[in-house]
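Bear in mind these aren't lab numbers, they're just calculated from the coordinates by the rules spelled out. Computed from a prediction, not measured in an experiment: that's the story for all the values here. Cβ atoms come from the backbone with ideal geometry, glycine included; neighbour counts cover every protein chain shown.
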């Protein structure tokens, strides 16, 4: 595995000048800045020189050499692009940058300012912007091209330059641009380079330094201290920045963290101080050769990075000791629920015990890490379970989430989206890791802090780096496989067998109008793409109205997943969201919906599905969004009643649906007769844009409230016009279950069918929090018909690596044609009992008495005394006695359930006669029959008179 380009997730680089590492000798090869900053870095940029209010007369760029040896800059250059520019201006460099020193590059002079720069080491004439721009340090003098550095986006990890800084509104940056500058402020480096401009640079008064600056102060001698003394009893080390010597036992040395964990086996018996620390080797400081169990002495400098205390050292600064040390025992006590409790265990060997549940898989695709929650359920969106207006309740859920959250890392600092030949850990179709799955730890781990330097999180590091290609062989935990082939049929039929099943499904921008229809990898009509590791587009990024798949192959991959999911739903009516509005794109109306239906029928059989036509009540296509709602149904099961409906008169600017998709509806009935129901499909305004009202419900909450209000008012008008009582509101409401828009509908008489579910389920996962944006709401009449519901968790809990839009991102091909990660929302299914069931009838018991018991032929007319009884009712109705060769006897049961029937003439011959008594049944008692054998004696001979 190559060196990480995700240094910003991990530990601070060594300030080599303060440690004097032999590895950084004169003549060291220049490394890109992302390689742990062992080479030159840009240390300050200023573009306000000579402008109004400026002190300095010139713009400047300052470089810094953090090593203990001079570095030549012959053949190098600094280059400047405007904030959105793609053409670079070049200033060539010469000479060298002294050890732990600076190098000042003077640029254009303005008309103002009062103070000249210190004598520059190089001079150019570039007029830099005083607020926004891009500055590059390049190992060459040719201007950078867009083939080397694109015109926009995050370029962290690029090898086209040594270092770069995007400031203000720069279109290009490393991770994130710095804040905008001014005529009186510069961006100055305050943290070692880790490919994160915003985190590493601070704006302030410019302070340029040239190579003739003062000599560094003599390095202080390292102090012998214990590991607990390094950690201290607070969030940061009291010895931060000090050189130290310490000893301990190596507990873990994950290969791709480029260091090891060191623990004092005795500790200091202070529960507030950790007994362990991470030892970090920056690039160029040698190889990590120690192994778990080794007793070592480490010389290095104490540092804080991404929340973790560490000692920055080197191979030469680590010495194996021969004297034995005590054994290290993993912590196995009470879960450290607070940050202070976790901090007191930072870096220590830890034995996870009890229940853990997967709560976040989104960043697994990029960083090979999995969010976990202590307990048997994931972390929950507060407004999924409590009213957004109840601040105390919201805070209680947030506190519970904070106490239970922990990240399982992969023991590496790799960004897998920038290392396309590699396979991220914890991503697998054979051993899927999904939100909601139970986790069982099979090995100890290290409890520490890390991740983003600006927002670090507590996490478990495995004792060895997890190999994604061989997962789960080196994983410290196993994961429950929670995938299922179909929704839970037992849940859907919990209160009776459904006659009709309905579902709601967001199909993730299913567009048949593609970004690159002719597959030449050039966007149609200005479309731009997100690209795979080979530079081939796979989904539309922007620049056009299209969304979704980039080219025909991408559409095929997207479509086969959606088809697999819908056909496995076993639903008869499905409401679709985020499907192409073909009319709005100038295509034939419903073209995309018809295309999806054709694909579904190709898989399920001709005629299985039909598309409900768009309503004539929709507004003009120019007023509609490029995505829309749609309804598909199975004609063999349900039939349309009346025309398609739509709330289409509130789509203008400033109206309820001026920024959302119009609700559409259709009345359906079972083909074989039964209750009709109105099926209304919705897709409210997203949380991604709009005004944040400060209630914790995301952007555009007032818009969604207005949409819910309009919907609640519109539906009764359709009911009145169609005479339909039962109503189902389905779709992506972009509102969690207890948020204001749904409260409007609850107050309007609708019930969220999740209330009748026997299990807690959620349709969406965002930032590691589970909740439902997708709902089926039923009015009282529809709720009476509901048999049960299920949220089929095929999408939200899966790693995004499984999505069609991430095809060919990694060294392993994760694409499969099945339903998993066919979207980012999970479908919701509801069963309906619409056809009246035949009553369950009582069983009849028939008793038959015949007199005489053995009648004679040609003489006796037998009498049949019949009694029909049933447990719980007295049978009524007709009884028929079927006589062989004779006319049937027919009679009605009396109030006691009895009847007497007599033959009108005797049997004509002797022998065994099979007699069948049939009861016709009534509304309570089932029909029945009884067969008896009657022995008919021979006729008695008549004596003749003499």
Worksheet entry | Estimated distance in nm for a label pair at residue 781 and residue 923, the labels positioned 7 Å out from Cα along Cα-to-Cβ | 2.5
Discussion item. How are the alpha carbon pair distances in segment 673-748 distributed across 10 Å bins from zero to the largest one, expressed in percent?
Written reply: 19, 46, 23, 10, 1
Worksheet item: Hey, what's the Cα Rg ratio for segment 223-327 versus the globular rule of thumb, 2.2 N^0.38 Å?
Response: 0.97
Fill in: Distance histogram for segment 847-946 (every C-alpha pair counted, 5 angstrom bins, percent rounded to whole numbers)
3, 13, 23, 21, 13, 11, 7, 4, 2, 1, 1, 0, 0
Worksheet item: From largest to smallest, what semi-axes in whole angstrom does segment 489-832 give when each is the square root of 5 times an eigenvalue of its alpha carbon gyration tensor?
Response: 30, 22, 21
Item to complete: Calculate for the chain the 222 nm mean residue ellipticity that helices alone would give, adding -39,500 (n - 2.57) per DSSP H run of length 4 or more and normalising by residue count, nearest 500 deg cm²/dmol.
Response: -3000 deg cm²/dmol
Item to complete: Any chance you could give the angle, 0 to 90 degrees and rounded to 10, that helix 701-722 forms with the longest Cα principal axis of the chain?
Response: 20
Practice prompt. Could you work out how far helix 391-404 tilts from the main Cα principal axis of the chain, as a 0 to 90 degree angle to the nearest 10?
Written response: 70
Practice prompt. Quote the relative contact order of segment 348-479 in percent (integer), defining contacts as alpha-carbon pairs under 8 Å separated by 6+ residues.
Written response: 30
Worksheet entry | Peptides 907-916, 458-467 ordered by average Cβ neighbours within 10 Å, highest first | 458-467, 907-916
Fill in: the chain: angle of helix 552-568 to the longest principal axis, Cα-based, in degrees nearest 10
40
Fill in: Inter-part distance where segment 699-778 and segment 147-206 are each reduced to a Cα centre, Å
44
Worksheet item: For the peptides 838-844, 522-528, what is the packing order when you average, over each peptide's residues, the other Cβ atoms within 10 Å and list the highest mean first?
Response: 522-528, 838-844
Worksheet item: Distance in nm between label sites at residue 817 and residue 620, each 7 Å beyond Cα in the beta-carbon direction?
Response: 4.5
Worksheet entry | Antiparallel bridges, percent of DSSP beta bridges restricted to the chain (to nearest 5) | 85
Worksheet item: Given R₀ = 51 Å, FRET efficiency for residue 808-residue 268 by Cβ-Cβ distance, to 0.05?
Response: 0.45
Discussion item. Past the 37 angstrom mark, what percentage of all C-alpha to C-alpha distances in the chain do you count?
Written reply: 61
Worksheet item: So what's Rg/Rh here for segment 816-869, counting alpha carbon atoms and using the Kirkwood radius for Rh?
Response: 1.67
Worksheet entry | Sorted peptide list for 82-89, 570-577, criterion being average Cβ within 10 angstrom, highest first | 570-577, 82-89
Worksheet entry | Cα-derived Rg to Rh of segment 79-182, Kirkwood definition | 0.96
Discussion item. If you average the C-alpha positions of segment 255-322 and of segment 591-654 separately, how far apart do those two centres end up, in angstrom?
Written reply: 62
Fill in: Distance (nanometres) between label positions extended 7 Å along Cα→Cβ at residue 389 and residue 938
10.0
Worksheet item: How far, in nm, would the chain grow between residue 224 and residue 152 when pulled straight, counting 0.36 nm per residue and subtracting the alpha carbon separation?
Response: 21.0 nm
Discussion item. Once you keep just the Cα pairs under 8 angstrom separated by 6 or more residues, what percentage relative contact order results for the chain?
Written reply: 8
Worksheet item: What whole number of Å gives the distance from the Cα centroid of segment 521-584 to the Cα centroid of segment 893-910?
Response: 77
Practice prompt. Output the relative contact order of segment 415-531, whole-number percent, from Cα pairs under 8 angstrom with separation of 6+ residues.
Written response: 22
Worksheet, complete the sentence: Nearest-0.05 FRET efficiency for residue 440 and residue 119 at R0 = 56 Å, using Cβ-Cβ distance, is 0.30
Worksheet item: What are the semi-axes of the equivalent ellipsoid of segment 348-479, taken as the square roots of 5 times the eigenvalues of the Cα gyration tensor, listed largest first and rounded to whole Å?
Response: 27, 16, 15
Discussion item. Could you tell me the ratio Rg/Rh of segment 21-217? Both radii from Cα atoms, Rh via Kirkwood.
Written reply: 0.94
Worksheet item: Which FRET efficiency value, to the nearest 0.05, is calculated for residue 640 and residue 334 with the Förster distance at 51 angstrom and r the Cβ-Cβ distance?
Response: 0.25
